[in-house]
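S.K.: Sharing a structure with you now.
The values are calculated or read from the model by the stated rules, or taken from the named source; none is laboratory data. These figures come from a predicted structure and were not determined experimentally. Neighbour counts run over all protein chains shown; Cβ positions are idealised from the backbone, glycine included. What goes into the accessible areas is simple: the full protein's heavy atoms, side chains included, and nothing from ligands, DNA or RNA. Shrake-Rupley method; radii C 1.70, N 1.55, O 1.52, S 1.80 Å.
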Amino acid sequence: MTEKAEKLSKLTAHLKVLIELERKAEIEAMRLEMKRLSGREREKVGRAVLDLNGKIAGEELGYFLVRYGRDREIKTEISVGDLVVISKRDPLKSDLVGTVVEKGKRFLTVALETAPEWALKGIRIDLYANDITFKRWLENLNNLRESGEKALEFYLGLREPEESEPVEFQPFDRSLNASQREAIARALGSPDFFLVHGPFGTGKTRTLVELIKQEVERGHRVLATAESNVAVDNIVERLAGSGINVVRVGHPSRVSKALRETTLAYLITQHELYGELRELRVIGENLKEKRDTYTKPAPKYRRGLSDSEILRLASKGIGTRGVPVRLIREMAEWIKLNEQVGRTFEDAKKLEDRIAREILREADVILTTNSSAGLEVVDYLSYDVAIIDEATQATIPSVLIPINRAKRFVLAGDHKQLPPTILSEKAKELSKTLFEGLIERYPNKSEMLTIQYRMNEKLMEFPSREFYDGRIKAHESVRKVTLADLGVNEPNFGNFWNEALNPKNVLVFIDTSKRKDRFERQRRGSDSRENPLEAKVVAGAVERLLEMGVRPEWIGVITPYDDQRDLISSMVGEKVEVRTVDGYQGREKEVVILSFVRSNWRMELGFLNDLRRLNVSLTRARRKLIAVGDSSTLSSHPTYSRFIEFANSKGKMIRVERLENVQ
């Protein structure tokens, strides 16, 4: 074995160990919670729904749609696309798993492969850990081809990439800016790989859509992927109606409803051979029903007899070993019909594969998540290029799936924002992404998008300076945007609120450092933190903004800590969206209220020390950011100290005094 092969083998073996550790951590976390919390407690934290009755609401694309409902409102974190387990009482004893396809105030609709009678009355639904993803990661690592190996060789510095020579092109989208055009030109001229570095609001998806169109124009077949279904759908949406033949592969329930007609599952139902396929399935179901009218040869009935022995005895019309001839005949019929059921469904599967392959052969672009790029039907074709969005939120085993299937690849993302979330402490290395490794080693193989279209320039200035060498500029259309443009009037609340909520004050820091009640606290048995004073300030701001006519959907509340999110949620109810920073990546709101939480004598910042979390926090707001925190604790870190100085000089610094009412 050469030294190169040895290093490669060592890395893949190490990745497999990390995957296994993370898989176990995720399953264990889910199982522990199911064991530790009662059904009611799990429902309280949003990961279970109890007291449901179901009815079959229809069939779609080979799945039963079961609508589970109850009289009282369902408040849950379970959402469309999530994998759930259906059970009577104990989810750990059930293997009925489905996908949520619809969510209403008092119901959830779940797509199931089978809908047994027991699963329709008095059941609970629990959020489930998805094991399939880990299996696909491992399977892909075990079957690395030249493309996948080359990507890892670049990552390890065992192979030098070729130059990216810009290619001239006529843009379909005339409004692309210079940095977007340069990124596309260089990506088109990269014989191996290219990195599109897209900071907040810089039109990364728009750039990728143009790149996809240019690749198709050159007669190339494109595999376009992302880590999440939402990001894949964003690309599909922008390509729809462009004259390009796109096929969206993936579970239909995880695809946004508006894009159903681009899905492989839908296109199969429109194929000329679909009638034949449906007929085979109906025959299979009828045979199954007929088979189930006979006695199944369970061990207690067959008394050690093999299938062939049962069939032989039935043909002779005799019983044996205390098994009467009537039972022998019953079991023989079940066996014969079961063979027919198997053959019929196998024929249906072969026909479905044939139809799917015909549809995909005609496609210019196949779009799916990184994980689903591992499906056999996707792997059937060869691809000229893999274009991967959200590459900085995907682990190396994840991005290797699409990379392994294409001759070259383009990764898009921002390594200055949050990496993939890894539960296992021992597998933390998985959060180092391929994008990050490649851009550090080969900065010349990347292009940064530098014009942002999201936020007021005052909100942009600090993160641009601190994380992107000051290279990001605000586009003319957003440079001066404020809440006043949306018709929000000046406040009239007296106290410090008038200044804090004035639409013209775009960046506001509410400083709690002068208050005796400013300190964070920790709940018993929790690793998280909460800060009651900051929660009160946030709730007070939300209430007053709504009074001023700011729409609830314009407001986002974010905080780094789960417990603080829960505390704020309990105060503001469902009026506005309250999430952790990690749950807000890739999203934006007109107004963001940010609670930093940390306030202590030890000057400890905990995981606020990961500055990527600060970057994400500061770049979600379009027109107004209200940050709430203890400047004395936060200033113990030089970056936070610079942010507070910036807020003081370029924004509004508001010090909440000892006796002021913050609610």
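S.K.: Any chance you could list the semi-axes, whole Å, largest first, of the equivalent ellipsoid that the Cα gyration tensor gives for the stretch 78-194, using √(5λ)?
M.R.: Value: 47, 23, 10 Å, ordered largest first.
S.K.: How compact is the stretch 524-600 by the rule of thumb for globular proteins, expressed as Cα Rg over 2.2 N^0.38 Å?
M.R.: Here the answer is 1.05, to two decimals.
S.K.: Starting at the first residue of the stretch 185-194, write each ³J(HN,Hα) from the Karplus equation 6.51 cos²θ - 1.76 cosθ + 1.60 with θ = phi - 60°, in whole Hz, x for Gly and Pro.
M.R.: Karplus values, whole Hz, x for Gly and Pro: 4, 6, 5, 5, x, 9, x, 10, 8, 8.
S.K.: Could the peptides 314-326, 175-187, 74-86 be put in order, highest first, of the mean number of other beta-carbon atoms found within 10 Å of their residues? Walk me through the numbers on the way to the answer.
M.R.: Numbers: 314-326: 12.5, 175-187: 20.3, 74-86: 18.4.
Descending mean neighbour count gives 175-187, 74-86, 314-326.
S.K.: Please name whichever of ILE310, VAL542, LEU423 sits farthest to the positive end of the charge dipole of the chain, dipole taken about the Cα centre and charges placed at Cβ: Lys and Arg +1, Asp and Glu -1.
M.R.: Farthest towards the positive end: ILE310.
S.K.: Let me ask something else about it. Given the convex hull of the Cα atoms of the stretch 332-447, what is a quarter of its surface area in nm²? Intermediate values should be presented prior to the final figure.
M.R.: Working: hull surface 44.6 nm².
That works out to 11.1 nm², a quarter of the Cα hull's surface.
S.K.: May I pose another question? What fraction, in whole percent, of alpha-carbon pairs in the stretch 53-145 exceed 20 Å separation?
M.R.: 38 percent
S.K.: Which one, THR99, VAL17, ALA332, is farthest towards the positive end of the dipole of the chain when Lys and Arg carry +1 and Asp and Glu -1 on their Cβ?
M.R.: Highest projection toward the positive end goes to ALA332.
S.K.: I've got another one for you. In the chain, carbon and sulfur make up what percent of the accessible area (probe 1.4 Å)?
M.R.: It is 46 percent, rounded to a whole number.
S.K.: When only Cα pairs under 8 Å and 6 or more residues apart are kept, what is the percent relative contact order across the stretch 345-473? Could you put the intermediate results ahead of the total?
M.R.: Numbers: 132 pairs, mean separation 23.1, N = 129.
The normalised contact order for the stretch 345-473 reaches 18 percent.
S.K.: Starting with the highest mean, order 447-454, 133-140, 336-343 by the number of other Cβ atoms within 10 Å, averaged over the residues of each peptide.
M.R.: 447-454, 133-140, 336-343
S.K.: Roughly how many whole Å is it from the C-alpha centroid of the stretch 368-387 to that of the stretch 134-185?
M.R.: Each part reduced to its Cα centre gives a spacing of 15 Å.
S.K.: Here is a further query. Which value in Å is the Kirkwood Rh of the stretch 35-103 over different Cα pairs?
M.R.: Kirkwood hydrodynamic radius for the stretch 35-103: 13.0 Å.
S.K.: Same structure, new question: Which FRET efficiency value, to the nearest 0.05, do you get for ARG655 and ASN143 by plugging their Cβ-Cβ distance into 1/(1 + (r/R0)^6) with R0 = 56 Å?
M.R.: Efficiency computed from Cβ-Cβ geometry: 0.40.
S.K.: With the radius of gyration and the Kirkwood radius both derived from the Cα set of the stretch 559-625, what is their ratio Rg to Rh?
M.R.: That ratio equals 0.97.
S.K.: If we count every other residue with Cβ under 14 angstrom of LEU501's Cβ, Lys/Arg +1 and Asp/Glu -1, where does the sum land?
M.R.: With Lys, Arg at +1 and Asp, Glu at -1, the neighbours total 0.
S.K.: As a test, work out the antiparallel percent of DSSP beta bridges whose residues both lie in the chain, rounded to the nearest 5.
M.R.: 35 percent
S.K.: What spacing in nm lies between the two simple spin-label points modelled at SER256 and LYS288, each 7 Å away from Cα in the Cβ direction?
M.R.: If labels sit at SER256 and LYS288, their model points lie 3.4 nm apart.
S.K.: So if R0 is 41 Å, what FRET efficiency would ALA178 and GLU440 give, r being the distance between their Cβ atoms, rounded to the nearest 0.05?
M.R.: It comes to 0.95.
S.K.: Kirkwood-based Rg over Rh for the stretch 274-313 (C-alpha set), two decimals?
M.R.: Reported Rg/Rh, Kirkwood definition of Rh: 1.20.
S.K.: On to the next question. Hey, what do the phi angles of the stretch 535-540 turn into as Karplus ³J(HN,Hα) couplings, whole Hz, using 6.51/-1.76/1.60 and θ = phi - 60°, x for Gly and Pro?
M.R.: Each residue's phi maps through the Karplus curve to give 4, 5, 4, 4, 4, x Hz.
S.K.: Taking a virtual spin label 7 Å from the Cα of LYS296 along the C-beta vector, which residues in the stretch 316-340 bring their backbone nitrogen under 19 Å of it?
M.R.: 327-340
S.K.: For the stretch 523-662, with only Lys/Arg (+1) and Asp/Glu (-1) charged at the beta-carbon, what is the dipole magnitude about the Cα centre, in debye rounded to 20?
M.R.: So the dipole magnitude of the stretch 523-662 works out to roughly 380 debye.
S.K.: Can you give me the relative contact order of the chain as a percent, contacts being Cα pairs under 8 Å and 6 or more apart?
M.R.: 13 percent
S.K.: Over all directions, average the projected area of the Cα convex hull of the stretch 366-516 and note it in nm².
M.R.: For the Cα atoms of the stretch 366-516, the hull's average projected area reads 14.9 nm².
S.K.: Please give the contour-minus-distance gain from SER306 to ARG31: 0.36 nm per residue of separation, less the Cα-Cα distance, rounded to one decimal in nm.
M.R.: Stretched out fully, the SER306 to ARG31 stretch lengthens by 95.2 nm.
S.K.: Enter the accessible area of PHE172 (Å², nearest 10), with the probe set to 1.4 Å and all protein chains included.
M.R.: 100 Å²
S.K.: Now for a different question. Subtract the Cα-Cα distance of THR2 and ARG321 from 0.36 nm times their separation in residues, and report this length gain in nm to one decimal.
M.R.: Taking THR2 through ARG321 to full extension adds about 108.5 nm, to one decimal.
S.K.: Per residue, what volume in Å³ does the convex hull of the Cα atoms of the chain enclose? Write down the numbers at each step before the final one.
M.R.: Values: hull volume 126.4 nm³, N = 663.
Enclosed volume per residue, from the Cα hull, is 191 Å³.
S.K.: Above 26 angstrom, tally the Cα pairs of the stretch 506-663 and express them as a % of all pairs, no decimals.
M.R.: For the stretch 506-663, the fraction of Cα-Cα distances above 26 Å is 17 percent.
S.K.: How big is the Kirkwood radius of the stretch 197-300, worked out from every pair of different alpha carbons and given in Å to one decimal?
M.R.: Evaluated on the stretch 197-300, it is 17.1 Å.
S.K.: Here's another thing I want to ask about it. Which angle between 0 and 90 degrees, to the nearest 10, do you get for helix 562-572 versus the longest principal axis of the chain when only C-alpha atoms count?
M.R.: It works out to around 80 degrees.
S.K.: What's the Kirkwood radius of the stretch 227-358 in Å, using all Cα pairs? Each step should come with its number before you reach the end.
M.R.: Details: mean 1/r = 0.0549 Å⁻¹.
After inverting the mean inverse Cα-Cα distance, the result is 18.2 Å.
S.K.: Jot down the per residue volume, in cubic angstrom and as a whole number, of the convex hull over the alpha-carbon atoms of the stretch 412-483.
M.R.: 124 Å³
S.K.: What number, in percent, do you get for the relative contact order of the stretch 122-200 if the mean sequence gap of Cα pairs under 8 Å and at least 6 apart is divided by its residue count?
M.R.: Worked out over the stretch 122-200, it gives 25 percent.
S.K.: If you line up the long axis of helix 132-142 against the longest principal axis of the chain, both from Cα atoms, how many degrees apart are they, to the nearest 10?
M.R.: So the inclination is approximately 80 degrees.
S.K.: Additional query: What is the distance in Å between the Cα centroid of the stretch 623-659 and that of the stretch 196-222?
M.R.: 38 Å
S.K.: Okay, next question. I'd like the Karplus ³J(HN,Hα) series for the stretch 446-461: coefficients 6.51, -1.76, 1.60, θ = phi - 60°, whole numbers in Hz, and an x wherever there's a Gly or Pro.
M.R.: Running phi through 6.51 cos²θ - 1.76 cosθ + 1.60 with θ = phi - 60° gives 9, 9, 9, 7, 10, 10, 9, 10, 9, 10, 3, 4, 5, 6, 7, 4 Hz.
S.K.: Also, quick follow-up: Using the Cα centre of the chain as the reference point, and only Cβ charges (+1 on K/R, -1 on D/E), how large is the resulting charge dipole? Debye, rounded to the nearest 20.
M.R.: Values: 111 positive and 102 negative charges, 395 e Å.
Approximately 1900 debye in magnitude.
S.K.: Right, here's the next one. Once you have the Kirkwood Rh of the stretch 391-449 from its Cα pairs, apply Stokes-Einstein at 10 °C and 1.306 mPa s and quote D in µm²/s.
M.R.: 130 µm²/s
S.K.: Starting from the Kirkwood Rh over alpha-carbon pairs, what translational D in µm² s⁻¹ does the stretch 1-50 have by Stokes-Einstein at 20 °C and 1.002 mPa s?
M.R.: Result for D is 159 µm²/s.
S.K.: Which translational diffusion coefficient, to the nearest whole µm²/s, is obtained for the stretch 294-396 from the Stokes-Einstein equation, given a Kirkwood hydrodynamic radius over C-alpha pairs, 37 °C and 0.692 mPa s?
M.R.: 182 µm²/s
S.K.: Gap in Å between the Cα centre of the stretch 1-76 and the Cα centre of the stretch 322-344?
M.R.: 38 Å
S.K.: May I pose another question? Output the peptides 557-567, 156-166 sorted from most to least packed, where packing is the average of other Cβ atoms within 10 Å over each peptide's residues. Could the numbers behind the result be given before it?
M.R.: Working: 557-567: 23.7, 156-166: 14.1.
The packing order, highest mean first, is 557-567, 156-166.
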